[in-house]
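Structure, as structure tokens:
The values are calculated or read from the model by the stated rules, or taken from the named source; none is laboratory data. Since the model is a prediction, treat every value here as computed from it, not as a measurement. All Cβ positions, glycine included, derive from the backbone under ideal geometry; neighbour counts span all protein chains shown.
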Amino acid sequence: MSAVLTVAEVSRSFGGVRALHNVSLAVEQGAVHCLVGENGSGKSTLTKIIAGVLSADAGTVAMAGHEPRSGVNPGLAIREGISVIYQDLALFPNLTVAENIAPCERTASLTPHWRWRSSAKRAAAAALEELGSAISPTTVVERLPTAERQLVAIARAMTRRPRMILMDEPTAALTHQEIDRLLALVRRLRDEHSMSFMFISHKLNEVLELADSVTVLRNGVVASEGPAADYTIERLSNDMTGRTISSARPTKAPTGREPRLTVTGLCVKGAVEDISFEAAEGEVIGIGGLLGSGRTELALSLCGLLKSSEGSVEIDGVALRPGHFQDAIKRGIAYVPEDRLTEGLFLDRSIRDNAAAAVASEHTSRLGALNRSALHATAEHWLGQLHVKTPDYNDAVNTLSGGNQQRVVLSKWLARRPRLLILNGPTVGVDVGSRHDIHETIRHLAKDGTTVIIASDDLPELLAVAHRVLVLSSGQLRHDILTGDLTVQALWEAISADSALS
Amino acid sequence: MKRILGIAQDAPSSFVLVSIGALYVAFIARNSAFIELPHQFAILRSSIVIGIMALGLLLVLISGGIDVSFTAVAVLSMYSTVQILNGVDYGGPIVVAFLIAAAIGGLLGLLNGALISLLRLPTLIVTLATLTLFRGFMLFFIGTDRIRELPAQMKPFARSTIVSVATPNGGKASLHVGILLLVGLALAVAVLLRWTPFGRAIYAIGGNRQAAERAGLPIRRVELGVYGLAGSMAGIAGVVDAALIRAADPFTIVGTELDVLAAVVIGGAAITGGRGGVLGTFLGVILIALVDSSLVLAGIPTEWQKLFVGLFILAGVMLPALRTWSTRTDPRTIE
Ligand SMILES: Nc1ncnc2c1ncn2[C@@H]1O[C@H](COP(=O)(O)OP(=O)(O)OP(=O)(O)O)[C@@H](O)[C@H]1O
Ligand SMILES: [Mg+2]
């Protein structure tokens, strides 16, 4: 076999931060090469250097049959047959799905193409169909939810049938079904078309399922590499973090405590029907279910971001005003959204300011003066707790790696010390080590009396932190399972059982 | 028709249409002379010059930039063209005047584009600087006199009409031929924006510049093209203006920047880029021309004119924002 892509001793720094140091790797023709590493270990930076979007300070990148290069020239990389799914997607929000997937042309020619619209529509529909998605090609991308934008970005990379596709966390926002379809498609393109892939993911089981070979990055250097057969999940996470990560279980469920949250007969039009449950002080409740099961809608209606049509949500015995987020915040509820990139971060403001954003009012005196040092201390405490990796909290949030941005969102809400914390996919795009840390933080919060509701796609995550899991299907509460010694398999069966029938 | 002029990018068109309709009703109620042909033709006539400049500015706004120098470009191109043609005692067809002005304007626009690419400064800053620069160059080196003797063929152009209708009181109402030029240019820009790779690249760059870079789009070339075209449009508008007022006046047009900008923004182009279309711009221009030329007839003091334009801009800008705000129903895009 021959290498289609060769990365030779690439280094790159940002200011004083060394993002990559002497990284070399080779991707074989017709193979899937997985790149794993903690948040901030340099995966996206390497992707961008290969794509010609960033320059390398030293070292070169070469596609088979082309000159080695190290400069900025994305057009050249595309012509060499490289397609990229960027972590931040890099879609055009103002254009339609069809045009994002099959643009009019990548030149600036003045000759009209009278029929490009219909041919783009056809190409886009075909590409989306391969992914099993029913997104309408004429929708404008800014109207799509995150998962569908992700699918559009994937379809765009696939439709060009390039020699090689770089995929930077393509599955972060997707559901199980969508992931399965994507992985099957990658395998098919690899086997039938001998296409090559560089695949980045924090979901290690996915990595082992798909990879032919693996490179593990740690702090910008190659920690280990080899054929996938040499790796297990344990070895991957050890190599990534340099420490042993054990799978933990939640601490004992609290008993005999007062209910903190009481939900009675909650309905949201078209999404959730007649849901009732209680959550005690210090209890962690998971919400599981497939996409469209009403999982996200339930979480949103609990914190007033979605207006419920019937039923009530009570905190410590007092009912919340439905559809009133400000009221929910005042009563001690915090909600951490699943999409950190479009929600909840001021990308060009400093990390510290972002983390402090939700607690500024608490540190303001009656006369309106801000106690800056106390505010910063609070922000830094939580940034430290969540191990946000940066040389300086004054740097802008957009200089952080994707996973570290997610931690800033978490710090922001944890700093409020909420009574009820609602998390939606809290570890999407977060590496195993930090995932472990975030779970640990959740357990701690619960032990100190915070009630936590966690909606997640990630079943091991639910089992690791939740005392109980509510399983939703078609907007109805189907099961209320104590996690005790529940297995992932059993939970998966409970979640997928009803949807198989419908 | 909708398809041709690109209504997809023209979401706020309905707002402009409603405003135009409301103004008509209000004006007719105050003064029935308003609806008579002479006045209607006058509105169209006064929309020609701002309309042509608005088309150029539309391209710039969609690409995510802004240009305030186009009025200076228009006057400088027009004035130099007239001097050149007078200098050689030119008597041929007027097309040549348009071509020369478009070429001069295009060069000045390219200068804008090059400065923007090279300096990587905000486009507002660069074009503010070139506005003053072009203006100063014009007044200092080229001239400050109003030239009354236009090249021979510009006079017949000034008198050419498409239709001429006798009015009941014995006068004549004529629609100036320049409106055909505006419509022709509008169609050309609509085709450019909707069907050429160049046009689509303008939308892409305005929508997400970083993504456009990553997609390998020739951003610099597109930007040069956009500012060059805006300059050419301004040059053509300058010559039309000279023909309409039958003189090359160094002090014409300058000062209408905000009217033109208002027309384009009311027509649905976003200052932040990526949005806007020809139909919306066209309607925006009509609305501005309507306000500009009708308030007097309706017996409303001219001082109010600016206030009206300001109110329309405010409403036109707020409306799409309100709309996106209220249609965000998908829970995953809330907040
Ligand atoms: N534009 C930038 N300016 C400054 N620092 C940057 C910039 N881009 C990346 N970095 C830094 O480079 C390092 C590597 O970042 P990179 O995005 O490659 O990480 P990653 O492995 O993709 O992480 P994640 O899994 O969180 O996406 C980080 O420390 C990050 O803060
Ligand atoms: Mg990354």
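Go through the range A:86-131 residue by residue and tally those that are acidic (Asp, Glu) and outside any loop (DSSP other than H, G, I, E, B).
3
Wholly within the range A:418-502, which strands (runs of 3 or more DSSP E) include no fewer than the required count, namely at least 2 residues that are within 16 Å of ligand 2 (Cβ to nearest atom) and away from chain B (no Cβ under 14 Å)?
It comes to none.
Could you list, ordered by first residue, the pairs with Cβ atoms under 7 Å in which the first is in the range B:149-164 and in contact (Cβ under 8 Å) with a residue 40 or more places away in the chain and the second is surrounded by 14 or more Cβ atoms within 10 Å (Cβ to Cβ) and part of a strand (DSSP E or B), at least 6 apart or interchain?
B:Leu150/B:Ala248
To keep it simple, each residue is scored yes or no on (1) farther than 23 Å from A:Gly15 by Cα; (2) hydroxyl-bearing (Ser, Thr, Tyr); (3) more than 14 Å from chain B (Cβ to nearest Cβ); (4) within 16 Å of ligand 1 (Cβ to nearest atom).
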site: A:Gln326; (1), (2), (3), (4): yes, no, no, no
site: A:Ala334; (1), (2), (3), (4): yes, no, no, no
site: A:Asn371; (1), (2), (3), (4): yes, no, yes, no
site: A:Leu375; (1), (2), (3), (4): yes, no, yes, no
site: A:His381; (1), (2), (3), (4): yes, no, yes, no
site: A:Gln385; (1), (2), (3), (4): yes, no, yes, no
site: A:Asn398; (1), (2), (3), (4): no, no, no, yes
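Taking the residues in the range A:146-166 that are within 14 Å of chain B (Cβ to nearest Cβ) and assigned to a loop (DSSP other than H, G, I, E, B) as candidates, determine which candidate is nearest to ligand 2 (Cβ to nearest atom).
Once the filter is applied, the top-ranked residue is A:Pro162.
With the requirement that a residue be outside any strand (DSSP E or B) and under 24 Å from A:His21 (Cα atoms), what does the range A:62-75 give you?
Our first condition is that a residue be outside any strand (DSSP E or B); within the range A:62-75, this holds for A:64-68, A:70-75.
Selection gives A:Ala64, A:His66, A:Glu67, A:Pro68, A:Ser70, A:Gly71, A:Val72, A:Asn73, A:Pro74.
Could you please let me know if B:Gln40 is surrounded by fewer than 23 Cβ atoms within 10 Å (Cβ to Cβ), within 21 Å of B:Phe251 (Cβ to Cβ) and either charged (D, E, K, R) or out of contact with any Lys or Arg (no Cβ under 6 Å at 6 or more places or on another chain) (or both)? Before you say what the answer is, go through the steps one by one.
Details: surrounded by fewer than 23 Cβ atoms within 10 Å (Cβ to Cβ): yes; within 21 Å of B:Phe251 (Cβ to Cβ): no; either charged (D, E, K, R) or out of contact with any Lys or Arg (no Cβ under 6 Å at 6 or more places or on another chain) (or both): yes.
So B:Gln40 fails the test.
Suppose we filter the range A:57-113 for residues that are more than 12 Å from chain B (Cβ to nearest Cβ), farther than 18 Å from A:Ser24 by Cβ and surrounded by fewer than 19 Cβ atoms within 10 Å (Cβ to Cβ); how many remain?
Qualifying residue count, the range A:57-113: 2.
For residues that are away from ligand 1 (no atom under 13 Å from the Cβ) and charged (D, E, K, R), scanning just the range A:189-213, find the one that is farthest from the other protein chains (Cβ to nearest Cβ).
That would be A:Asp191.
Based on what the data block shows, is B:Phe141 touching a residue at least 40 places away in the same chain (Cβ under 8 Å) and either of a type in the set (Phe, Trp, Tyr) or in contact with a His (Cβ under 7 Å, 6 or more places away or on another chain) (or both)? Lay out the reasoning, then the answer.
On the way: touching a residue at least 40 places away in the same chain (Cβ under 8 Å): no; either of a type in the set (Phe, Trp, Tyr) or in contact with a His (Cβ under 7 Å, 6 or more places away or on another chain) (or both): yes.
Considered against the rule, which asks whether it is touching a residue at least 40 places away in the same chain (Cβ under 8 Å) and either of a type in the set (Phe, Trp, Tyr) or in contact with a His (Cβ under 7 Å, 6 or more places away or on another chain) (or both), B:Phe141 comes out as no.
Out of everything in the range A:23-56 that is within 14 Å of chain B (Cβ to nearest Cβ) and away from ligand 2 (no atom under 12 Å from the Cβ), what residue ends up being surrounded by the fewest Cβ atoms within 10 Å (Cβ to Cβ)?
Only one residue fits best here, namely A:Ser55.
Hey, any hits in the range A:246-267 for a residue that's closer than 29 Å to A:Gly40 by Cα and either among the acidic types (Asp, Glu) or in contact with a Ser or Thr (Cβ under 9 Å, 6 or more places away or on another chain) (or both)?
Within the range A:246-267, one or more residues are closer than 29 Å to A:Gly40 by Cα and either among the acidic types (Asp, Glu) or in contact with a Ser or Thr (Cβ under 9 Å, 6 or more places away or on another chain) (or both).
Please list, ordered by residue number, the helices (runs of 4 or more DSSP H) wholly in the range A:167-253 having 3 or more residues that are within 16 Å of ligand 2 (Cβ to nearest atom).
A:204-210
If the requirement is being within 30 Å of A:Ala3 (Cα to Cα) and out of contact with any helix residue (DSSP H, G or I) (no Cβ under 6 Å at 6 or more places or on another chain), which of these qualifies: A:Ala147, A:Ala157?
A:Ala157
So which residues in the range A:377-408 are modelled with pLDDT of 85 or more and of a type in the set (D, E, K, R), if there are any at all?
Within the range A:377-408, A:Glu380, A:Asp392, A:Asp395 meet the criteria.
From the list B:Ile100, B:Ile94, which residue is surrounded by fewer than 23 Cβ atoms within 10 Å (Cβ to Cβ), at pLDDT 95 or above, within 21 Å of B:Ala248 (Cα to Cα) and out of contact with any Cys (no Cβ under 9 Å at 6 or more places or on another chain)? Step through it out loud before you land on a result.
Values: B:Ile94 fails: at pLDDT 95 or above.
It is B:Ile100.
Those residues that are surrounded by fewer than 24 Cβ atoms within 10 Å (Cβ to Cβ) and within 14 Å of chain B (Cβ to nearest Cβ), I need them from the range A:256-292; list them, please.
A:Val268, A:Lys269, A:Gly270, A:Ala271, A:Leu291, A:Gly292
Tell me, please, whether a residue that is within 11 Å of ligand 1 (Cβ to nearest atom) and in contact (Cβ under 8 Å) with a residue 24 or more places away in the chain can be found in the range A:67-84.
no
Quick one: in the range A:205-238, which of the residues that are hydroxyl-bearing (Ser, Thr, Tyr) and within 18 Å of A:Met167 (Cα to Cα) is farthest from the chain's Cα centre (by Cα)?
Only one residue tops the list, namely A:Ser213.
Which residue is surrounded by the most Cβ atoms within 10 Å (Cβ to Cβ), if the candidates are limited to the range A:114-145 and must be away from chain B (no Cβ under 11 Å) and among the acidic types (Asp, Glu)?
This residue is A:Glu130.
Can you pull out every residue in the range A:379-405 that is farther than 17 Å from A:Asn39 by Cα, surrounded by fewer than 21 Cβ atoms within 10 Å (Cβ to Cβ) and out of contact with any strand residue (DSSP E or B) (no Cβ under 7 Å at 6 or more places or on another chain)?
A:Glu380, A:His381
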